[in-house]
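Taking it in order: structure first as structure tokens, then the write-up.
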Amino acid sequence: MLRARLSARRLAGPVLYAACTTILLLRTAPGRVGVDTKQYLFVDPGRLLGDASSMWQPGVAFGTVPHQNIGFLWPMGPFFWLGEQAGFADWVTQRLWIAALLTAAGLGVRWLAHEFGITAVGAWVAGLVYAWGPFSLGYVHRTSVLLLPWAGLGFLVVFAGRAVRRGGWRDPAAFALVAGTVGGANATALLLAGLAPFLWVVHLALDPDIGYRRA
């Protein structure tokens with residue numbers, strides 16, 4: 001019973017943050033859709049997913065090689081497809097997508113701050129400042145898919161650090177799953193976000209208790 005109560009308390013903050021983020025975005029310009037990333041995400045996400053499974057797209061001009069379509073197989077394409085299947089209006093699905101990005105960004109950095117030994121209040125401040133800072137404004141309304149590595153950065157650093165400290169396969173596997181989720185659409189954005197876990201591993205290598213070989 002005590003363990004269940006502690007788990008509920010730990011979940012209360014993230015759930016409240018996610019709910020507040022979603023409500024705020026749903027109240028932002030209701031009924032209006034930003035021209036974001038790919039028109040097919042709003043027109044026919046199922047067809048976008050179908051086209052992404054092939055390196056040839058016969059339905060455009062006399063046929064063409066699609067650009068970055070494979071990156072929409074996960075997670076953006078399925079997200080918008082599920083929104084369509086659920087009967088959500090396009091603008092609602094778009095706001096939920098942005099809310100998911102901001103929630104992941106904030107919670108990832110909050111977890112990272114906690115790993116650094118920062119107090120609970122300080123960790124929340126770090127997460128909120130990171131998620132609600134001005135960086136996302138240049139992408140969120142037109143190329144939000146590029147924000148995926150930004151949203152996953154905190155998780156990438158945490159799993160990289162834990163992999164070095166604890167060893168085993170679980171943390172590297174978690175790192176790989178996060179990297180695969182956030183980096184499928186744009187390699188440059190993933191490489192830039194990847195500088196953070198790389199530098200953290202270099203920092204850990206300077207720790208005499210860890211060393212370069214283990215790092």
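Structure data summary
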{"item": "Helix axis angle, 2-26 relative to the chain longest principal axis, alpha carbon, degrees", "result": "40"}
{"item": "Cα-Cα P(r), segment 63-124, percent of pairs per 5 Å interval", "result": "4, 15, 16, 15, 14, 11, 12, 8, 3, 1, 1, 0"}
{"item": "Alpha-carbon Rg/Rh ratio, for segment 1-81, with Rh computed the Kirkwood way", "result": "1.22"}
{"item": "Over segment 70-208 - Rg/Rh using Cα atoms and the Kirkwood inverse-distance radius", "result": "1.00"}
{"item": "Relative contact order computed over the chain (Cα-Cα under 8 Å; 6+ residues apart), in percent", "result": "19"}
{"item": "Contact order normalised by residue count of segment 42-131, Cα under 8 Å, 6+ apart, percent", "result": "20"}
{"item": "The chain: angle of helix 170-182 to the longest principal axis, Cα-based, in degrees nearest 10", "result": "30"}
{"item": "Kirkwood hydrodynamic radius of segment 125-178, from inverse mean 1/r over distinct Cα pairs, in Å", "result": "12.5"}
{"item": "Rounded tilt (10° steps) of 148-166 against the dominant C-alpha axis of the chain", "result": "30"}
{"item": "Most to least packed among 203-211, 89-97, 44-52 [average Cβ atoms within 10 Å]", "result": "89-97, 44-52, 203-211"}
{"item": "For segment 19-50 versus segment 111-148, the gap between their alpha-carbon centres in whole angstrom", "result": "21"}
{"item": "Percent accessible area from carbon and sulfur atoms, segment 141-193, protein chains only, probe 1.4 Å", "result": "69"}
{"item": "Selected from Phe159, Phe116, Tyr130, residue furthest toward positive end of dipole (segment 66-166; charges at beta carbon)", "result": "Phe116"}
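The values are calculated or read from the model by the stated rules, or taken from the named source; none is laboratory data. These numbers were taken from a predicted model, which means no experiment stands behind them. A quick note on method: Cβ atoms are made from the backbone with ideal geometry, for glycine too, and the neighbour counts reach across all protein chains shown. Side chains are part of the model used for accessible areas, which takes the heavy atoms of the whole protein and leaves out ligands, DNA and RNA. Shrake-Rupley method; radii C 1.70, N 1.55, O 1.52, S 1.80 Å.
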